[in-house]
Every structure is written in C-alpha cells, then in structure tokens.
Amino acid sequence: MMKRAVSMAVGCGLFLVVGSGCASKWQPLFDGKTLDGWRATGNAVWTVEDGILVGKQDDQRRPGDLLTVDEFGDFELAVTFKAVWPANSGVWFRYADKPLGYQFDILEWPNPVCYSGTLYCPGKMFLAMNTDKSIVRYDDWNQATISAIGDHIVMTLNGHKVADLHDSTFQRGAIGFQIHAGDQFEKMRIMIKDIRIRVLDK
C-alpha cells in the first residue's frame, strides 16, 4: 500500500500523497534565497548557500532550532536533506516550543540502536525506530516524507516506510530543523534543498 502511495506521489513530482490524487496544492516552505517565513531560536547558525538551507553549531558549539513562523495541524510534508556526519539533527513538526514536538530524527543512536527516520517524542523517547541503516544515504541527498493527520503519523525515508502509528501528544505547531549540542558534532552540517507542505486542515 505504501509503495503505491509513494509511486503516485513521484508521478506528481513530489514524494508522498496519502489517499488523494495530484489535484491538491503543495506549497514550498523555503524559497531557496532567504529565511523569510522562518525564525531561529538558540545559537545555531542558519544560512542560505547556493539555494540550499544550511545549519550548523556556532563557534562555541551551541545548539539551536529553525522554525516556521506559521503553525500546522494536519499536513503532508516532503523534505530533501543531506548531512555532514557525525550528526544529530532532525525535522521538527507540530512543534509548540514547550513541551516541544515530534521529530523525524537525523542521527545514529547507540542504545537502542536506530538511525535516521526514527520518530522522537519528548517524554516518550522513540515512538518508532528505523533499524535499517542501509536505507540512509550518508553521502547523498535523502527524501523524507511526513504525514500527520489527526493522531495518525506516517513517515518514509527514501521510499521506505519507517513509521506508521497513532499518537496524540502534539496536535499543532511549527515545522523546523534542529542542530544538537555536543563537541562531537562540531563539523555537522544539515542541508535542506527542498521542503514542501500540503495543508490538510479543515
């Protein structure tokens, strides 16, 4: 079933369409030139370089987040990302400052062992874990999708379903990216080439 959904979305020029055709309107969240529509929190450094959104720690290796000014409830999201490793980052969604929100993780976690595409929830840790390292493109661009409709969350990484569950911890919030603290992530770079959303709120 997921293969069919992904295939249909590729035909539309996007990555995920759940239960619909190509008629719905997708909107870019990043214009490829500026950080218009985004707000930074913390101390991470966010720049636009050759049409790519880049995040890294500051000179003191401090963390931070970049979040959309707008908030979203039900939506489908498509993100094209790449990381310089070692990395600990992720795509926030339904982020409401405190108590934060959900995160599509971009990381390697030692215990329990899991990889990018894992779903993190503050206070609950991992709601779903990607344990298949082979689907992560470490030296190339990755395609991630997130569908959040009511309490139903579905995520894919490079065409592989990595999460399909029900959880109602967060209902609405911003979308964004995280730069984690830690000396081991000094050389980390998170690069976003494309991020698009299809809002499904009634």
Considering only protein heavy atoms and a probe of 1.4 Å, how much of the accessible area of the range 23-88 is carbon and sulfur, as a whole percent?
45 percent
Within the set of other residues whose C-beta is less than 11 Å from the C-beta of Arg189, count the net charge using Lys and Arg as +1 and Asp and Glu as -1.
+1
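Near Val154, within a Cβ-to-Cβ distance under 10 Å, what is the net charge of the other residues, with Lys and Arg +1 and Asp and Glu -1?
-1
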Any chance you could check the Cα centroid distance between the range 82-115 and the range 141-202 for me, in angstrom?
8 Å
Output the relative contact order of the chain, whole-number percent, from Cα pairs under 8 angstrom with separation of 6+ residues.
30 percent
Restricting to Cα pairs below 8 Å that are 6+ residues apart, what does the relative contact order work out to for the range 41-157? Please round to a whole percent.
22 percent
Rounded to the nearest 500, the 222 nm mean residue ellipticity computed for the chain from DSSP H runs (n ≥ 4, each -39500 (n - 2.57)) alone is -1500 deg cm²/dmol
Summing +1 for each Lys or Arg and -1 for each Asp or Glu, what net charge is found among the other residues whose Cβ lies under 10 Å from the Cβ of Asn88?
-2
Under the Karplus relation 6.51 cos²θ - 1.76 cosθ + 1.60, θ = phi - 60°, what is the ordered set of whole-Hz ³J(HN,Hα) values for the range 139-144, x standing for Gly and Pro?
10, 8, 6, 10, 10, 10
Search the structure for amide H atoms under 5 Å from the amide H of Arg189, placed 1.01 Å from N in the peptide plane, and list their residues when 5 or more places away or on another chain.
Val84
Picking from Tyr95, Tyr115, Tyr138, which is most flexible by a Gaussian network model of the chain using Cα springs under 10 Å?
Tyr138
Test of understanding: in a Gaussian network model of the chain with alpha carbons linked when under 10 Å, which of Gly51, Gly101, Gly173 would top the mean-square fluctuation ranking?
Gly51
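The values are calculated or read from the model by the stated rules, or taken from the named source; none is laboratory data. Only a predicted model underlies this, so the values are computations on that prediction, with no experimental measurement involved. Glycine gets a Cβ as well: all are built from the backbone with ideal geometry, and neighbour counts include every protein chain shown. Accessible surface areas use protein heavy atoms only, side chains included; no ligands, DNA or RNA. Shrake-Rupley method; radii C 1.70, N 1.55, O 1.52, S 1.80 Å.
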